[in-house]
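Everything below concerns the one structure shown next.
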Amino acid sequence: MSEVKYSKEHEWIKLEGDVATIGITKHATEMLGDIVFAELPEKGSNVEKDGTAGVVESTKAASDVYTPVSGEVVDTNQEIVDDPSKINQDPENSAWFFKLKIKDKSEMDSLMNKDDYDKFAKENNT
Amino acid sequence: MGTKKTSLYQLHQDCNAKFVEFAGYHMPIQYSEGIVEEHKFTRNHSGIFDVSHMGQLFIYGGEELIKDLEKIFPLDLKNLKLNHSKYSFLMDKDAGIQDDLIITKIDEGFLIILNAACKDNDFKILKELLKEKYKMVLDENRSLIAIQGPKSSQILNELVDGVKDLNFMSGNCFLFDNQKVYITRSGYTGEDGFEISILNNYADKLTRELINKGSKLAGLGARDTLRLEAGLCLYGHDLDKDKTPVEANLKWAISKERISKGDFIGSDIIIKQLNDGVTKIRVGIKPEGRIIAREKTKIFNQSDVHIGEITSGTFGPSVNGPVAMGYVENEFSKKNTKVFLEVRGKKYAANICSLPFYKKSYVKGVNQ
């Protein structure tokens, strides 16, 4: 079983082999409100840890999506681009954003586990 | 001075509002169902908006007041019937817009509804212009509750008998709970609806009863998407001191009779712009894809020349796509002109379009 980890920018990441699936947390969607637009990185592009890898927009504002680890984008979820409301409905499962072939598994070490993230989210409720 | 609360603050809390500070007030941006649901419920049913932060300015006077106000507002006020309302603006001598407003002729004078962020400054300006000749009250004892959407007439009429017979942009005094309330058939969502001016102590009760009759609270977030779909301007964004009513494409709100006389503040510039045209003008802009172009987004023509800027942009839940307004150079303002919007460093195609994005359903004509 693979463990899900979390970043301070409210992304979740699930590692299976050397492929990581990344999305935004339920807490993030609750803060954003209704998501009406999503932009994903291009397949085949390389993204760097803590760099911008997409955008989500609510009716109110745009927010960057960051990648918690570095890697090559091997897949993106077109379904959330076509219907961004899916991100609000199922953020930590079917509404994943992109998959990365990661370079350095040790980048995962600094990320939070679920308990730590839940605590972090509660304390940073803005 | 701390952030103010409206009389409905407790009710907003009871309904799980998310608050933002807006013009010095704690205001609900949305409730638990979210902006999109609140927007759609208003369009399909009935939404209630707390707009008590807006200024309710009463100016008391008769014939002389009408003459003095005509020196300020480009309106034919002497022919404005009792209880009828007009949209207008407070301009400076260069015709720059200092605020946009709704003015209503009431028994004792006029009631002017002002934007929250402008109301104190407006009061100062008007007091000076009117040389303190008239009693003026920026009434903090009254709340302003808007109920908007196709079911609003039926719902409000159950509590306040007779409101269903009001025409659009007209009002009257009614009784609620044996208290005098002043209700106009108006609003800022593109829907049929009413604005209720009511003493603070009764605002909570009225609103809870409206909710019991099936209406639902909607926040400032939904108010913004609704007004933008309806092509209506938001002061501080689509309108400001650097824009004139002609540039803002609001010349319909300037009385033709008053233009011919040209004796109001800013009239020189207005007349000049009406005759010679303007260099920039407000237009509707529809992005071709799903990209949302926010305020300050740069607009380019097909030759990649910078021709303007977005002043309001969001996702329109009823249009089910992005919508925006902005100012472009006049020669690019024709409907269906292709333009490009620079969002996050990339350019996206969009088209100039006519407003509103969403068709109004007011009761009877705007011009009466």
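Observations, loosely collected:
- Matching entry among B:Thr244, B:Thr225 (being within 14 Å of another protein chain (Cβ to nearest Cβ), in contact with a helix residue (DSSP H, G or I) (Cβ under 9 Å, 6 or more places away or on another chain) and among the hydroxyl-bearing types (Ser, Thr, Tyr)): B:Thr225
- Some residue of the range A:37-58 being modelled with pLDDT of 95 or more, surrounded by fewer than 17 Cβ atoms within 10 Å (Cβ to Cβ), among the basic types (Lys, Arg) and within 30 Å of B:Asn320 (Cβ to Cβ): yes
- Among the conditions (1) exposed (fewer than 14 other Cβ atoms within 10 Å of the Cβ); (2) closer than 16 Å to A:His27 by Cβ; (3) more than 14 Å from every other protein chain (Cβ to nearest Cβ), A:Tyr66 misses just one, which is (1).
- Subset tally (residues that are away from chain A (no Cβ under 14 Å) and either in a strand (DSSP E or B) or hydroxyl-bearing (Ser, Thr, Tyr) (or both)) for the range B:24-63: 14
One line per residue, one yes/no per condition, for (1) more than 21 Å from B:His45 (Cα to Cα); (2) over 15 Å from the mean Cα position of the chain (by Cα):
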position	(1), (2)
B:Ser215	no, yes
B:Asn249	yes, no
B:Ser260	yes, yes
B:Asp276	yes, yes
B:Ile285	yes, yes
B:Arg290	yes, yes
B:Gln302	yes, yes
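- Complete set of residues in the range A:32-57 that are part of a strand (DSSP E or B) and away from chain B (no Cβ under 12 Å): A:Asn46, A:Val47, A:Ala53
Matching residues to (1) in a helix (DSSP H, G or I); (2) modelled with pLDDT of 95 or more; (3) within 19 Å of the chain's Cα centre (by Cα):
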{"site": "B:Glu128", "(1), (2), (3)": "yes, yes, no"}
{"site": "B:Lys133", "(1), (2), (3)": "no, yes, no"}
{"site": "B:Ile147", "(1), (2), (3)": "no, yes, yes"}
{"site": "B:Pro150", "(1), (2), (3)": "no, yes, yes"}
{"site": "B:Gln154", "(1), (2), (3)": "yes, yes, no"}
{"site": "B:Cys173", "(1), (2), (3)": "no, yes, no"}
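- Residue match in the range B:317-339 (condition: within 14 Å of chain A (Cβ to nearest Cβ), over 25 Å from the mean Cα position of the chain (by Cα) and not aromatic (Phe, Trp, Tyr)): no
- With respect to the conditions (1) surrounded by fewer than 23 Cβ atoms within 10 Å (Cβ to Cβ); (2) out of contact with any Ser or Thr (no Cβ under 8 Å at 6 or more places or on another chain), B:Lys151 lacks only one, and its number is (2).
- Taking the range B:213-304 and the helices (runs of 4 or more DSSP H) fully enclosed by it, the elements with 3 or more residues that are within 23 Å of B:Phe332 (Cβ to Cβ) and of a type outside the set (A, V, I, L, M) are at B:267-276.
- When the test is whether a residue is surrounded by fewer than 22 Cβ atoms within 10 Å (Cβ to Cβ), closer than 16 Å to B:Gln56 by Cβ and among the basic types (Lys, Arg), B:Lys127 passes it.
- Failed condition for B:Lys280, given (1) within 14 Å of chain A (Cβ to nearest Cβ); (2) buried (at least 16 other Cβ atoms within 10 Å of the Cβ); (3) without any contact (Cβ under 8 Å) to a residue 60 or more places away in the chain; (4) not aliphatic (A, V, I, L, M): (1)
The values are calculated or read from the model by the stated rules, or taken from the named source; none is laboratory data. What you see is a predicted model; the values in this text were computed from it and never measured. All Cβ positions, glycine included, derive from the backbone under ideal geometry; neighbour counts span all protein chains shown.
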